[in-house]
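To start, the structure under review is shown below, and the notes come after it.
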Ligand SMILES: [Zn+2]
């Protein structure tokens with residue numbers, strides 16, 4: 001199946017390409033770029049043509065931090081709805097976290113997810129397997145078998161391993177297989193009962209706090225263990241300026257460490273929790289304006305490699321509990337591009353090319369995924385955006401099964417308009 005994406009502004013940070021051209025896809029892979037005139041108005045013989053004039057054309061976005069909730073929590077999300085949400089947001093690849101039921105801690109579950117995604121998915125799905133069995137933090141998973149089954153990386157995400165000896169052995173094990181360990185950074189002895197950022201707003205609300213230092217201590221330990229073991233480390237959802245500083249130090253010291261932050265840490269502060277808004281509750285929590293500014297600076301100078309959403313669907317009845325008892329996490333896939341374009345690119349905080357790099361080649365590189373590029377021979381995964389389109393976030397229109405977003409009613413600029421996976425239009 002040949003497809004030509006005609007006359008768009010093709011922007012591919014992996015090759016430095018940024019010009020109006022035709023993008024030619026064939027048999028599921030990128031064939032190449034050609035000047036607009038050469039392929040003619042209707043394309044070449046036997047080709048379907050997509051008119052991309054006036055649109056931005058990029059590699060399909062890559063989100064390395066997503067909760068698809070299948071198996072076990074299909075009332076929140078499943079592979080079908082989660083990848084529909086991905087495609088609606090311009091994402092063509094998602095890496096799914098292992099806190100399912102059963103957890104992704106056996107080769108059978110890894111294979112089950114890959115098979116389900118191939119049958120029902122609108123995006124590529126790369127399963128992340130757990131570091132410890134059932135993410136219980138003690139016995140290590142069978143890393144070699146999980147890798148052989150198709151696990152793309154290893155993480156206990158929201159259940160961070162507290163024992164440093166276990167973490168060291170886990171990293172040594174993963175280093176042998178070249179797998180990246182992705183860590184939620186938290187010293188949980190400092191966060192018992194915490195529900196939002198420790199500070200003035202939490203005090204005014206009477207809500208137990210999660211201090212910033214709990215994340216910074218967790219990140220520092222994991223960075224030091226990465227240096228010791230040589231294991232590739234990826235810091236998940238960085239929310240504090242100090243953790244960004246620690247990542248900067250790790251890179252200067254030559255440690256194999258990368259990091260991500262999420263759109264909500266770049267657009268909100270803990271003030272969004274006011275009114276006991278559980279749709280602004282996530283872990284790590286929204287921090288301060290100072291942290292938000294530091295995260296933007298760290299994206300700009302390349303310290304933070306990637307933007308990932310931590311898409312975490314929860315049902316309405318779960319989020320409508322008392323603030324302290326509501327689960328952590330918010331949706332991300334369908335609002336990520338618009339939030340980043342409106343609040344970082346259009347404001348001049350981040351160049352468009354850097355924003356796209358943070359959502360394509362950089363996250364792919366952090367885990368060694370063969371996506372996030374339009375180089376000839378790469379998978380034909382493409383996203384088209386209308387940068388002039390203005391739209392209002394309407395949770396009722398989400399493809400996700402859940403509605404837990406703090407961005408309802410936000411006016412955004414920049415909208416995904418078409419998503420192509422393996423040369424096939426999955427969403428137009
Ligand atoms: Zn997560």
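The values are calculated or read from the model by the stated rules, or taken from the named source; none is laboratory data. Just so we're clear, the structure is a prediction, and the values are computed from it rather than from any experiment. Note that we place each Cβ from the backbone using ideal geometry, even for glycine, and neighbour counts take in every protein chain shown.
Quick notes on this structure:
- Boolean, residue 83 is touching a helix residue (DSSP H, G or I) at 6+ places or on another chain (Cβ under 8 Å), within 23 Å of residue 403 (Cα to Cα) and in a helix (DSSP H, G or I): yes
- Tallying residues that are assigned to a loop (DSSP other than H, G, I, E, B) and in contact with a strand residue (DSSP E or B) (Cβ under 8 Å, 6 or more places away or on another chain) within segment 188-207 yields 6.
- Looking across segment 60-80 at every residue that is part of a loop (DSSP other than H, G, I, E, B) and farther than 14 Å from residue 116 by Cα, the one that is farthest from the ligand (Cβ to nearest atom) is identified as 60.
- Selection within segment 211-239 - outside any helix (DSSP H, G or I), away from the ligand (no atom under 15 Å from the Cβ) and buried (at least 21 other Cβ atoms within 10 Å of the Cβ): 231, 232, 233
- Among the residues of segment 314-334, those that are closer than 30 Å to residue 388 by Cβ and either surrounded by fewer than 24 Cβ atoms within 10 Å (Cβ to Cβ) or within 16 Å of the ligand (Cβ to nearest atom) (or both) comprise 330, 331, 332, 333.
- Any hit, segment 259-267, residues being away from the ligand (no atom under 16 Å from the Cβ), in a loop (DSSP other than H, G, I, E, B) and not assigned by TED's automatic domain parsing to the domain that holds residue 391: no
- Residue match in segment 131-142 (condition: under 30 Å from residue 88 (Cα atoms) and within 16 Å of the ligand (Cβ to nearest atom)): no
- Considering 396, 408, 351, the condition of being over 17 Å from residue 265 (Cβ atoms), surrounded by fewer than 20 Cβ atoms within 10 Å (Cβ to Cβ), touching a helix residue (DSSP H, G or I) at 6+ places or on another chain (Cβ under 9 Å) and outside the structural domain of residue 126 (by TED's automatic domain parsing) is satisfied by 408 alone.
- Some residue of segment 412-424 being more than 16 Å from the ligand (Cβ to nearest atom), in contact with a helix residue (DSSP H, G or I) (Cβ under 9 Å, 6 or more places away or on another chain), not assigned by TED's automatic domain parsing to the domain that holds residue 261 and not in a strand (DSSP E or B): no
- All positions within segment 35-59 that are surrounded by 15 or more Cβ atoms within 10 Å (Cβ to Cβ) and either at pLDDT 95 or above or assigned to a strand (DSSP E or B) (or both): 47, 49, 50, 52, 55, 56, 57, 58, 59
- Qualifying positions in segment 155-186 - on the phi > 0 side of the Ramachandran plot and either within 16 Å of the ligand (Cβ to nearest atom) or surrounded by 24 or more Cβ atoms within 10 Å (Cβ to Cβ) (or both): 157
- Strands (runs of 3 or more DSSP E) contained entirely in segment 96-185, each with at least 3 residues that are in contact with a helix residue (DSSP H, G or I) (Cβ under 6 Å, 6 or more places away or on another chain): 124-129
- Exactly one residue out of 286, 333, 299 is in a loop (DSSP other than H, G, I, E, B), within 16 Å of the chain's Cα centre (by Cα) and modelled with pLDDT of 95 or more, and it is 333.
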